[in-house]
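Enquirer: Please read through the structure below; I'll follow up with questions.
Here, each number is a calculation from the coordinates, and none is a lab measurement. Just so it is clear, the structure is predicted and the values come from calculations on it, not from any experiment. Methodologically, a virtual Cβ is constructed for each residue, glycine included, from the backbone with ideal geometry; neighbour enumeration extends over all protein chains shown.
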Amino acid sequence: MTLIKSISGIRGTLGGKPGTNLTPIDAVTFAAAYGTLLIEESPDQKICVVIGRDARPSGQMVQQLVQNTLIALGIDVIDLGLSTTPTVAMAVPHAKAQGGIILTASHNPIEWNALKLLNSAGEFISAQQGQAVLDKASLLDFAFAPVEKIGKIIPDTTALQSHITAVLKLQYTQAEAVKYRAFKVVVDGVNSSGGIAIPLLLEQLGVETIKIHCEPNGMFPHNPEPLAEHLTDLSEAVVAHQADLGIAVDPDVDRLVFVDENGTVFGEEYTLVACADYVLSKTPGPTVSNLSSSQALQKVTKTYKQHYSAAAVGEVNVVEEMKKQNAIIGGEGNGGVILPELHYGRDALVGVALFLSHLVEQQKTASELRASYPNYFMVKEKVTLTQDTPVDAILKIIASKNQDQKINLVDGVKIQFDNSWVHLRKSNTEPIIRIYTEAPTLDEATKLAQDFKQLITKL
């Protein structure tokens, strides 16, 4: 059982003792700390917070705890109920709220839940704000409102449709052309809110939709992380129904993966690549992903003679770099697409609209589109160390041993070779060095990972 507190939020497994797992006391404490921060940041305003959740079984309980804590502080709550992370993110500025909370443990298993915290722009809070929340929670530095100033809960059932409408109105969404193409698509909603949101979007795009695992009861039918090894049901359904495409999302609908007409996974790393290719063809400009994402995005960006840059791992870091570069599109290689024209957050709904529009314009099948991109293979390994292992010193030594290569020290050590790379990152919660490699063949990527794994264990 686990409770992880970080500057980006709090997540953990349900049950157990306070301070060791995600219990009601922890949820209340953390919500109170966050609400107090918002009050202090806007002392002369009536504070409002938008809240939504994924479908996991603990969601309603945690939402009631969090909402009632906030109204006890004197804060009004806009309750979206079952929703998606990008929908909550878009609803915050639309409602002119001071913040938002998404109750989701993303791709983690059913026993997990989490509080993801947003600022008034609907973006994840900064490191400084996150640390302030942690400090207030540890000190119980908050005070509740008297009875006459208790806040209220305001239900909102319109946010998802508003989100979809905004996606349909984008300059990049070729709604009529998609409708004319008459796609047949299978959707795996992992029995969470994606089972509602993605089919609703597809319906309004005129797409014939076949739903599997789309009952939003939170009982995940497989590991909820949308990776190839977890999507066999979707691959089989695409082939059985002779569909054009399969779509899979994670429980809170910010990660997106496609399956081609042959039942082959398009590749989570290539979701962003394809969407960026389409946007670049319309609006040339910089692109951004994180250091552990595929170099295929950089290759595609260069074909348009545009600038690519890499950020430290983490959505907040990618968004910061996107703003710095004035990027037209960015995201993460885990299937996260960020289109600033809509909002600065990973959004599976906008990814679906961009991808279908791209297929229509290219007049290709999904497999033909995938074959048009540079092909790379990625391997992920880790080395478990003892608590007293000098991890920073090890990374410094490895960097010094590869000084003849291009090295990036923004987030751990990333070493770029001619057509491959290795990225070494230390864990913030356990004595682990994570190893990510990418190369033109799986054998090359595997060998690169093993070579660095052996090097680390010898140091």
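Enquirer: Rg and Dmax in Å for segment 219-378, alpha carbons only: what are they?
Expert: When restricted to Cα atoms, segment 219-378 yields Rg and Dmax of 14.8, 46 Å.
Enquirer: Just how far, in whole angstrom, is segment 243-260 from segment 399-428 if you go by their alpha carbon centroids?
Expert: 31 Å
Enquirer: Just from its helices, what would the mean residue ellipticity at 222 nm be for the chain, if runs of 4 or more DSSP H residues each count -39500 (n - 2.57) and the sum is divided by every residue, rounded to the nearest 500 deg cm²/dmol?
Expert: My calculation for the chain gives -11500 deg cm²/dmol from helical runs alone.
Enquirer: Just grab the label-to-label distance for Lys169 and Lys149, each label 7 Å out from Cα along the Cβ direction, in nm (one decimal).
Expert: My value for the distance between the label points is 3.7 nm.
Enquirer: For Ala132, what is the net charge nearby, where nearby means another residue's Cβ is under 12 Å from its Cβ and Lys, Arg count +1, Asp, Glu -1?
Expert: In short, -3.
Enquirer: While we're on this one: Per residue, how big is the convex hull of segment 184-303 when only Cα atoms are used? Give it in Å³.
Expert: 115 Å³
Enquirer: Sticking with this structure for a sec: Name the helices (complete DSSP H segments) of the chain with a Cα length along the long axis of 20 Å or more and a Kyte-Doolittle mean of at least 0.5, or state none.
Expert: Answer set is 24-41, 348-362.
Enquirer: Where Rh is the Kirkwood radius over the Cα pairs of segment 377-458, the temperature 20 °C and the viscosity 1.002 mPa s, what D in µm²/s does Stokes-Einstein return?
Expert: 168 µm²/s
Enquirer: If you don't mind, another one. Run the numbers on the chain and let me know its relative contact order in percent, using alpha-carbon pairs under 8 Å that are six or more apart.
Expert: Once normalised by length, the contact order is 11 percent.
Enquirer: How big is Rg to Rh over segment 329-439, alpha-carbon atoms, Rh as the Kirkwood inverse-mean-distance radius?
Expert: Here Rg/Rh amounts to 1.09.
Enquirer: What does the convex hull of the alpha-carbon atoms of the chain project to on average, in nm²?
Expert: Over all viewing directions, the chain projects a mean Cα-hull area of 21.5 nm².
Enquirer: In µm²/s, what is D for segment 15-90 at 20 °C and 1.002 mPa s, where D = kT/(6 pi eta Rh) by Stokes-Einstein and Rh is the Kirkwood radius from Cα pairs?
Expert: Roughly 163 µm²/s, to the nearest whole number.
Enquirer: Please give the peptides 393-402, 337-346 ranked by average Cβ packing (other Cβ atoms within 10 Å per residue), highest first, as a rough proxy for protection.
Expert: The packing order, highest mean first, is 337-346, 393-402.
Enquirer: Using the beta-carbon distance between Ile432 and Lys406 and R0 = 35 Å, what value does 1/(1 + (r/R0)^6) give for FRET efficiency, to the nearest 0.05?
Expert: 0.90
Enquirer: Note the per residue figure in Å³ for the convex hull of the C-alpha positions in segment 3-161.
Expert: Spelled out: Cα convex hull of segment 3-161, divided by residues, is 100 Å³.
Enquirer: Label Glu203 and Ser309 with points 7 Å out from Cα along Cα→Cβ: what is the distance between them in nm?
Expert: Label-label distance for Glu203 and Ser309, simple model: 4.3 nm.
Enquirer: Then there is this: Report the net charge of residues surrounding Thr165, where surrounding means a beta-carbon distance below 15 angstrom and charges are Lys +1, Arg +1, Asp -1, Glu -1.
Expert: Net charge around Thr165: -3.
Enquirer: Please report the net charge: other residues with Cβ closer than 12 Å to the Cβ of Glu444, K and R +1, D and E -1.
Expert: Value of the local net charge: -3.
Enquirer: For segment 173-371, what does the relative contact order come out to in percent, with C-alpha contacts under 8 Å and a separation of six or more?
Expert: Dividing the mean separation by the residue count of segment 173-371 yields 20 percent.
Enquirer: Please enumerate, by chain and number, the lysines with C-alpha under 23 Å from the C-alpha of Lys136, excluding those fewer than 8 residues away in the same chain.
Expert: Lys5, Lys17, Lys46, Lys116, Lys149
Enquirer: What FRET efficiency comes out for Ala182 versus Ala121 if R0 is 45 angstrom and r is the Cβ-Cβ distance? Round to the nearest 0.05.
Expert: After rounding, the FRET efficiency stands at 0.75.
Enquirer: Can you compute the modelled spin-label distance between Asn375 and Ser42, with each label point 7 Å from Cα toward Cβ, in nm?
Expert: Inter-label distance under the simple model: 5.2 nm.
Enquirer: Please report, in debye to the nearest 20, how large the charge dipole of the chain is about its Cα centre when each Lys and Arg carries +1 at its beta carbon and each Asp and Glu carries -1 there.
Expert: 700 debye
Enquirer: Please enumerate, by chain and number, the aspartates and glutamates with C-alpha under 12 Å from the C-alpha of Lys414, excluding those fewer than 8 residues away in the same chain.
Expert: Of all the aspartates and glutamates, those that pass the test against Lys414 - Cα under 12 Å, at least 8 places apart if same chain - are Glu438.
Enquirer: Further question: Okay, which of segment 167-209 sit inside 20 Å, backbone N to the point 7 Å along the Cα-Cβ direction of Glu236?
Expert: Counting only backbone N, you get 185-192.
Enquirer: Cα centroid distance between segment 1-45 and segment 67-107, in Å?
Expert: 14 Å
Enquirer: Right, another one. Mind ordering 87-100, 247-260 by average Cβ neighbours within 10 Å, highest first?
Expert: Going from most to least packed, we get 247-260, 87-100.
Enquirer: Taking every alpha carbon pair in segment 263-309, what does the distance histogram look like in 5 angstrom bins from 0, in percent?
Expert: 5, 24, 35, 20, 10, 4, 2
Enquirer: Further, regarding this structure: Give me the lysines in straight-line cross-link reach of Lys282: C-alpha distance below 30 Å, same-chain residues under 8 apart excluded.
Expert: Of all the lysines, those that pass the test against Lys282 - Cα under 30 Å, at least 8 places apart if same chain - are Lys169, Lys179, Lys184, Lys299, Lys302, Lys305, Lys323, Lys324, Lys364.
Enquirer: In addition: Find how many whole Å separate the alpha carbon centroid of segment 108-153 from the alpha carbon centroid of segment 336-393.
Expert: Measuring centre to centre over Cα atoms gives 30 Å.
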